[in-house]
Amino acid sequence: MNNVCYSELEHQFSLDALDDWETTSGLVESAIRMMRDRLPEAEARIFSHASEAREYREIDREGLSSIPEDSLFIACLSMCGSGVPLSSFFNDFVPDDSLLRYLLEDSYGGFYIVPVVHRFSLLAFILLCAPEGAEKPDTILPAEASFVAELVGRLRINLYAASIADSRQRELLKLAEFPQVLRSRQSVAELTSRILDDLQKEVAFDAGVYYEFEEYLDRLLPVVWQGIPEAPPVLAPGDGISGHTMVNRKAISVPDRARHPSFSRIEGEAFLQGSFLSVPIYTDKRLIGVVSLCRYSDNPHPLGVEHRYTLEIAASFLATEINNRQLYDELEQSYFSTVSSLSRALEAKDHYTRGHSERVMTLAVGIAHELGLSAESTRRIRYAAILHDIGKIGISDSIITKPSSLTAVEYAEIKRHTDIGYDIVNDSRFFEDIRDLIKYHHEKMDGTGYYAKHKGDYPWEAMIISIADIYDALTSDRPYREAFSESRALKSLEELIGIHFDRRIFDAFKSCLSRSRSD
Ligand SMILES: [Fe+2]
């Protein structure tokens, strides 16, 4: 009796090792090892569920043989309570699947099959196979069957836990790509307007809203929403659900709003029905916004704590990205203001050029809009236009303000302003992408410009600065001539098509002018 107890205890201890898994494959390997010890005449194989591939396969033999999760074989096996001889399983349930039968019985030498079922779903199945060359038994001994049944009992719980851990890991892995998605958004405005599209991939929801926190007015302003027919109202601190999140700066996760003792009584944000999550987006210093999502009560998968964790991680990525970008934009803006005020100070010395850069900027941005350029390209053109002549800071005043025509030496000197301008902005990483537009604003597409480049050798957007620059020069008074009328200037510009700029730029410029006239 003592011996029996001892061996039983030893057996229990050995099964305890199954609770000690770190990975699914480690768990499956230990189970196989245990079966090898107890059933030396059989070779055990475990086919486990690979949910992402929707099939059952051996972990260490990926792709060798796989059984689709929606096959009749799997459906019947899920309903089997315990292990059965493989041949009787095929005969009784799936007699038509000769291909699978050949694979499992002949290729693998399988003779006994044991399902591992948890909550009506088949997590895995064990196939006992005869080693190569050995005779295949019909079934297994009762003692062996009871050992396998016991092992399956332990394996079931652990495989289930491992599958949850695996799916969490996959979710985390997916979330790891989120910062990359955020970085691909070009501006804070684009990032904000796409916030819900991006979050939908992380936590699918039926309705959702993103509020921006307006610090000065201390309120939440709805910026984007989905699945909500009308614009959500602006929220004061404590209003609705999101207003609570705003005040407490803590995530709220409620599985059923209608049954919740407090949230069922709150009237605001009625569109947040069923299960909902509300998460603040904030850095350690300030609140940026609040995002609130819900799944309606008829959604079979309500939002729960695990979604809250996912959303909180996503929100912290969002907060970092928005904060960094806002800081960067503020820095860029302050650098831009400094440099453009230098440019204005320079123009102020000469009343003939006063306001020139500002006007060139307005025209160039108008052309960019006319051409339908992206917000990012338009930004570059705006900055390059206001700063295009910044290099004149380095040219002597006597040359810049000289009322009569320039000598060859003076002309050579003034031509240096494009190089000087390039060097000035080259020192700032904010303007790396506009330095070439400044350098080449006196370039001509036929190769007769400052650097003798042809169209295609320099950024084409420089032609936008160039046409706006020439037009403003023509329509401004000069010491040696009066300002051209608009129609005369346009006629002169038309003659420059194919020399300074191409027809597309000219046409866009012309429509931009007539548009500004009609506005
Ligand atoms: Fe210039």
Picking from 492, 476, which residue would you name as being out of contact with any His (no Cβ under 6 Å at 6 or more places or on another chain), away from the ligand (no atom under 16 Å from the Cβ) and farther than 24 Å from residue 335 by Cβ? 492
Quick one: residue 51 ticks every box in (1) over 16 Å from residue 129 (Cβ atoms); (2) crowded, with 17+ Cβ neighbours inside 10 Å except a single one, so which number is it? (2)
Determine if segment 477-490 includes at least one residue that is part of a loop (DSSP other than H, G, I, E, B), surrounded by 14 or more Cβ atoms within 10 Å (Cβ to Cβ) and not aliphatic (A, V, I, L, M). yes
Select from segment 376-414 the residues that are within 16 Å of the ligand (Cβ to nearest atom), in contact (Cβ under 8 Å) with a residue 24 or more places away in the chain and among the basic types (Lys, Arg) and list them in ascending order. 392
List, please: which pairs have Cβ atoms under 9 Å, are six or more places apart or on different chains, and start with a residue in segment 105-117 that is closer than 19 Å to residue 79 by Cβ and end with one that is buried (at least 22 other Cβ atoms within 10 Å of the Cβ) and polar (S, T, N, Q)? 116/48
Output yes when any residue across segment 51-64 is small (Gly, Ala, Ser), part of a loop (DSSP other than H, G, I, E, B) and modelled with pLDDT of 90 or more, and no when none is. no
Quick one: is residue 286 among the basic types (Lys, Arg), assigned by TED's automatic domain parsing to the domain that holds residue 320 and within 23 Å of residue 301 (Cα to Cα)? no
Residues that are modelled with pLDDT of 90 or more: list the helices (runs of 4 or more DSSP H) wholly contained in segment 96-213 that include at least 1 such residues. 98-101, 142-175, 195-202
Of those in segment 417-432 that are touching a residue at least 40 places away in the same chain (Cβ under 8 Å) and within 16 Å of the ligand (Cβ to nearest atom), the residue farthest from residue 336 (Cα to Cα) is 424
Got a number for residues in segment 482-519 being touching a residue at least 24 places away in the same chain (Cβ under 8 Å) and of a type in the set (A, V, I, L, M, F, W, C)? 10
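The values are calculated or read from the model by the stated rules, or taken from the named source; none is laboratory data. All values derive from a computational prediction rather than experimental measurement. Methodologically, a virtual Cβ is constructed for each residue, glycine included, from the backbone with ideal geometry; neighbour enumeration extends over all protein chains shown.
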